[in-house]
Structure formats: structure tokens, C-alpha cells
Amino acid sequence: MYKIVIPGDFVSDDAKRAGEGTYVEEGKVYATTYGVVDDKGEIRVVAFNGKYLPVRGDVVIGKIIEISFPYWIVDIASPYEARIHMSEISTRGGKRIEFGDMNAILDLDDLVAVKVLNVDALMRIDLGLKEDLHIGRGNGRLIEVPPTKVPRIIGRKGSMIRMLKDKCNCFIFVAKNGRIWIKGKTKDIKLASEVILMITKEAHTSGLTDRVAELLDSVKTER
Amino acid sequence: MKKEGEIEFIKDGKRVDGRSFDELRNIKIDVGVLKRADGSCYFELGNNKVLAAVYGPREMHPRHAQDAKMAVVKFRYNMAPFSVDDRKRPGPDRRSVEISKVSREALDPVILREYYPKAAIEVYVEILQSDAGTRTAGINAASVALADAGVPMRDLVSSVAVGKVGGEVVLDLNAVEDNYGEADMPIAMIARRNTITALQMDGNLTKDEFEKGLKLAMKACQQIYELQRTALIGRYDKDESANFKDRST
């Protein structure tokens, strides 16, 4: 059974286990966000909604919003803008990039899969490119969900996402910032995004993997 | 202003609209009514109809107003031109600028601003229909909308007005009582801790009346808090998809 809490709700007496989404006052743990309590291990409140805060090592999907030599400025669905330094590309055995040529490699509105290299106290975010730099090519669709729902879409040890990929016949890439890239046939993409929508809506309920499996099987037999 | 005695405020222990001294008007709360806002809330307090939308945390503009240590809260209280009997001239005026500032400061103590340095949390409160006590309705709505947006907070803020009409201290004034009464005192507080985050007073109260009013307000804030809480908890039993954004490429 899940328990929904709102900011200020008492969660636990065990201040030592207080984790994300909580604060401690006079030895008691209270919720800071509106969400569901998870007390396996650390006591956390998994928020229903919220913005992505970049953490070093995360893989995220970004969109180029500005080119300002020698950086590409990237929107990563967070309150803060991030940047990719030109050297991220030229060090990859490439040729020298001239001042005006940056948009030939990554242009405005291009989607990139990037890794967060560093976040400093002033929230300057440096990104590094993954091998397959463009992801927004070909028949695909980008959807955005609250980043707190990402673990649920992936499932325990990737069980949920593996099932989705198999049954929808799609390539699905789930990034830590809540952006999901789905590639495949139009019909399959539609199904996959509908199922992901259902997962985000019911993320706080139990037995979700089974229900998703059922839904996917029923769609299969209809076809 | 009408002369005293022209309106009979209290009749057989009841007020002009039939309420008792310590009775709130009807409250209705809907959470997540706006699809494109990060968090939203529609709030009704009697004939007051208020819509609150929260955006962010997101990038702060103008840049020079950023705070390197914590997020900046922006609050805009705005009355629709059709919200009052005589058309209100649209746009900010002296009164709405003051209310925006006061409301922002009422919510500031609960928002954990240091979680989002340099960012802005924007709260927009639109008064669709007004019947005295819109600032308290606005604060209640904004508090729920902030929670809905997933903004980290220490607690919720609840707000209500007390006042003095016909020589009696009463709760939650309506338009007639507010306009022709003797005093009006809006209060915002963290209901569970009885911590006051905002208090204004228009008119005069004696010390005893003030304390009596404060007690009424504290009790009423508890009631409002429970309604805010029920609205938030009840939301996830409903089928809804406001959090989902779809962008085809």
C-alpha cells in the first residue's frame, strides 16, 4: 500500500534514515514534497512532479538552443542551461572546427544524448557527448515526463523498459531528465507513448508491471 | 462610507448572509486544472473565484535579479477587469502591487528556496470574481499550486480574514461587511504550527478583540488546511494526465 504525503507531513521518527524529499526537525522526519513515501532503506518521498536537477554522471537528452563559440548551449529540461564545449568533438579524432562551422556539427534544435560531466555550485553544467551524438534523426518522437517517474518506467533491473521494447517493437531511450526518445514504426511509437503515459499516471500504484503486460498483450491480439 | 447604523450587520445572532460569527464561506478546491502550468489550483471561497498557476523552478529573468544562493519567488496578484461590479482598469495598480508583495512574503517562509540557486519560482494568481478576502483566497490557492508543482516546501500556508462588524468580531468577511464594517484583518499562517506568516489590519481593534480574532483565524486556518490537504491527496485517486507533455519531432 502506498501513502501519499504533502509538504510538512510527518513521515517517520527515524531521522538517521532521512533521504530525498524530506527534512528533519527536532529528530523527526517530515516531507518536503507532494508525493509517495518509500521507506525501503532510506526514507524518501518520491515526488509526483518536479524539475530535473542535474547530477554528475547522468545521461540526459538535450536540445541545442544556442551556439556561442566555443560552446553549444543545451536545454536539458532543468531550471539551468547546460553547455557542451567544442573540444568534446575535436578531441574525438576530428578536424579543427572553425568559428563559423559549429552549426554543421550540431545545429539549433538538434537533439543530443549527453552525459553530465560536472555541475558546480553556480549551477554551471558541463556536458560531454555520447558516441551517437544525434538522436533526433529518423522516424522518432520525443516525450517528456516528470524526471521522478523515470525509475518506474525503467522498472526493477530494467524489467519494465525491456518488456516495452520487446512488445512495442521500438527503440526506446529513457534519459535521467525525463525525456524519452522512441524510434520505430509510427503505430508502434503511438502504442509505446500511450503505455508510458499510463505508467507515469499510475507510477505510485503497485503491480504495475503486470498490468502493463496485460495491456500490451491485449493490444497485440487485437491486431 | 455609509453612516453607522444604516446596515444591520447582526440579526438574531446571524450575519447578513446568515452565517454565524465563526463560520467560513463555502470552499471548493480543484488541483491541477491548468495543463501547461507546472502546478495549478482553482479556489472558491464563497463568491470569490481564484485561479493560481505556478511555473518553475526555471531560469530567472532578468538575470541581474538572480540570487546565487537561492531561488527567487515571484508572485503576481492580478484582478480580472470583470471581477468586480464596476469594471476594473486592467493592469497592476498600487493595491495589487502591495498584495503581490504581501502574499509573496506570506509564502516565502515555507518554500525551500535554497534547493534551486539562481532559479525563479513564479506564482500567478488571477482573481476571476471578487467578494472580499481575495488575497487570502489567493494565498490558499498559491500554496496548493506550489505543492502541485513539486516545489519543495516545509509546510502549506493557509489564510483567512477576521474583522469587526456591528461591534462583533467575525470570521471571513464578505463584501458588505468588508466595505461597511469597522475592521478587517487578513492573516496567513502555517496551520499546523500556528506560525503566522502574514498579518495586516485595516481599521481598529482593541487588544481583546485582536486576540479573539486571532483565535478565530487559527481555528479557521486548521479547517482550510484540512480542505487543502484533502484536495491534494484526493487528486491522485482520479484519472488524469496533466503531467504529460507530448512533443512530436
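Pairs linking a residue in segment A:149-176 that is under 15 Å from residue A:208 (Cα atoms) to a residue that is open to solvent by 10 Å² or more (accessible area, probe 1.4 Å) and assigned to a strand (DSSP E or B), with Cβ atoms under 7 Å and 6 or more positions apart or on different chains, are A:150/A:174; A:153/A:174; A:154/A:174; A:161/A:174. In segment A:29-57, the residues that are under 15 Å from residue A:178 (Cα atoms) and in contact (Cβ under 8 Å) with a residue 12 or more places away in the chain form Cβ pairs under 6 Å with partners that are among the hydroxyl-bearing types (Ser, Thr, Tyr) and outside any loop (DSSP other than H, G, I, E, B), at six or more places apart or across chains, as follows: A:46/A:148; A:47/A:148; A:50/A:148. Restricting attention to segment A:102-118, the residues being modelled with pLDDT under 85, of a type outside the set (Val, Ile, Thr) and open to solvent by 10 Å² or more (accessible area, probe 1.4 Å) number 2. From the list B:56, B:39, the lone residue that is at pLDDT below 95, farther than 20 Å from residue B:183 by Cα and buried (at least 20 other Cβ atoms within 10 Å of the Cβ) is B:56. Among the residues making up segment A:1-35, those that are among the hydrophobic types (A, V, I, L, M, F, W, C) and either in contact with a helix residue (DSSP H, G or I) (Cβ under 8 Å, 6 or more places away or on another chain) or not in a strand (DSSP E or B) (or both) are A:1, A:4, A:6, A:15, A:24, A:29.
If you go through segment A:119-151 and pick out every residue that is of a type in the set (Asp, Glu), at pLDDT below 85 and within 18 Å of the chain's Cα centre (by Cα), you end up with 1. Counting the residues of segment A:177-196 that are over 17 Å from residue A:209 (Cα atoms), surrounded by fewer than 19 Cβ atoms within 10 Å (Cβ to Cβ) and not polar (S, T, N, Q) gives 5.
Residues in segment B:198-233 that are in contact (Cβ under 8 Å) with a residue 12 or more places away in the chain and of a type in the set (Asp, Glu) were compared, and the one that is surrounded by the most Cβ atoms within 10 Å (Cβ to Cβ) is B:209.
Within segment A:41-51, track down each residue that is open to solvent by 10 Å² or more (accessible area, probe 1.4 Å) and either more than 22 Å from residue B:233 (Cβ to Cβ) or facing chain B (nearest Cβ under 10 Å) (or both). Answer for segment A:41-51, where residues must be open to solvent by 10 Å² or more (accessible area, probe 1.4 Å) and either more than 22 Å from residue B:233 (Cβ to Cβ) or facing chain B (nearest Cβ under 10 Å) (or both): A:41, A:42, A:47, A:49, A:50, A:51.
The values are calculated or read from the model by the stated rules, or taken from the named source; none is laboratory data. Keep in mind that what you see is a predicted model, and the values were worked out from it rather than measured. Reconstructed Cβ throughout: ideal geometry from the backbone, glycine too, with neighbour counts over all protein chains shown. Surface accessibility is based on the protein's heavy atoms, side chains included, excluding ligands, DNA and RNA. Shrake-Rupley method; radii C 1.70, N 1.55, O 1.52, S 1.80 Å.
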